[in-house]
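Worksheet: one structure, shown below.
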Amino acid sequence: MDSLDEIRVVVSGATGKMGREIVRTVLARADMRLVAALGHARHLGEDIGELVLGEPCGVLVTVDMAEAMEAAQGGVLVEVSTGSNVKATVLEAFAHNVACIVGTTNVPRADEDEINALANEKGYSLLYAPNFALGAVLMMRFAAEASRYFRWAEIIERHHERKLDAPSGTARRTAELMNRARANTGFRSCSLGEENLKGARGGNMGGVRIHSVRMPGVVAQQEVVFGGTEETFHIIHNTTGRACFMPGVVFAIERVRSVKGVVNGLENIIE
């Protein structure tokens, strides 16, 4: 029987690396109960506890979204699968009064617009968290603050070779916050005509150049570099393992049900 204080949690993408870490974290907490695990079809019917911890927890991997959301009714969905899955999973969650945390960053724009419109219209709880690491949240905040004082800035983000989207959601979110901080003046950037190899200067978001590196041996790292007269200022966040994301995941699970409509960024529910 559920404790009155337990938060029912369903993890979508539960058999992936990030999903397994979230499952491990939820199973270890007394104030949360894992009620469903949506995962890859090749693990269908397997006990997610066996996969993650080597011992059963009674929750079997499923691809049945309706069944999963029924079990989680009134609870929380943590979505860390692939962008193409997000719309269907989130809409099913809304239909079962399940608050949604979306950590997946490569959601098609049309899908995101449809989800957001429904969440805002109906007051459903929806939090986008491009990065759960508290250090990354602070990095974004400090980068926005520094943007008030520097007109030259670039972002270099590094991820493992299986990262699907480039630039990362964290890099895009950082550039968005930086541009918002300089809404009246903007950033300076070299002319595209200075490239003699297309793409060498990276992508451009409002004058902030973003460079994406993908290779083995890296989990996640982002560096924001500001330039001024005879000085540079660097803000770096380095991730060496996925466990660093878990305090942010726990915080989001605890707080997301108080959100009404769409909230972008974990930083908006921390204070």
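So here's what we get for this one:
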item: Pairs with Cβ under 6 Å, 6+ apart, first in region 107-126 and at positive phi, second of a type in the set (Lys, Arg) and outside any helix (DSSP H, G or I); result: Gly123/Lys260
item: From the options Glu231, Glu157, residue that is modelled with pLDDT of 95 or more, out of contact with any Ser or Thr (no Cβ under 8 Å at 6 or more places or on another chain) and either buried (at least 20 other Cβ atoms within 10 Å of the Cβ) or more than 30 Å from Asp31 (Cα to Cα) (or both); result: Glu231
item: Failed item, numbered, when Thr62 is tested on (1) among the hydroxyl-bearing types (Ser, Thr, Tyr); (2) out of contact with any helix residue (DSSP H, G or I) (no Cβ under 8 Å at 6 or more places or on another chain); (3) at pLDDT 95 or above; result: (2)
item: Complete set of residues in region 38-75 that are of a type in the set (Val, Ile, Thr) and not in a loop (DSSP other than H, G, I, E, B); result: Ile48, Val52, Val61, Thr62
item: Number of the exception - Arg148 against (1) within 23 Å of Gly199 (Cα to Cα); (2) out of contact with any strand residue (DSSP E or B) (no Cβ under 9 Å at 6 or more places or on another chain); (3) assigned by TED's automatic domain parsing to the domain that holds Gly202; result: (1)
item: Residues within region 13-44 that are over 17 Å from Val80 (Cα atoms), at pLDDT 95 or above and not aliphatic (A, V, I, L, M), tallied; result: 3
item: Count of region 90-115 residues which are among the polar types (S, T, N, Q) and more than 17 Å from Phe132 (Cα to Cα); result: 1
item: Some residue of region 184-206 being at pLDDT 95 or above and surrounded by fewer than 18 Cβ atoms within 10 Å (Cβ to Cβ); result: no
item: Failed item, numbered, when His43 is tested on (1) within 15 Å of Val98 (Cβ to Cβ); (2) over 23 Å from the mean Cα position of the chain (by Cα); result: (1)
item: Condition met for Met215 (surrounded by 16 or more Cβ atoms within 10 Å (Cβ to Cβ) and within 26 Å of the chain's Cα centre (by Cα)); result: no
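Yes/no per residue for (1) among the hydrophobic types (A, V, I, L, M, F, W, C); (2) closer than 29 Å to Ala136 by Cβ:
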{"site": "Ser12", "(1), (2)": "no, yes"}
{"site": "Ala37", "(1), (2)": "yes, yes"}
{"site": "Ile48", "(1), (2)": "yes, yes"}
{"site": "Pro56", "(1), (2)": "no, no"}
{"site": "Gly75", "(1), (2)": "no, yes"}
{"site": "Val78", "(1), (2)": "yes, yes"}
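The values are calculated or read from the model by the stated rules, or taken from the named source; none is laboratory data. Nothing here was measured: the structure is a model prediction, and the numbers come from that model. A quick note on method: Cβ atoms are made from the backbone with ideal geometry, for glycine too, and the neighbour counts reach across all protein chains shown.
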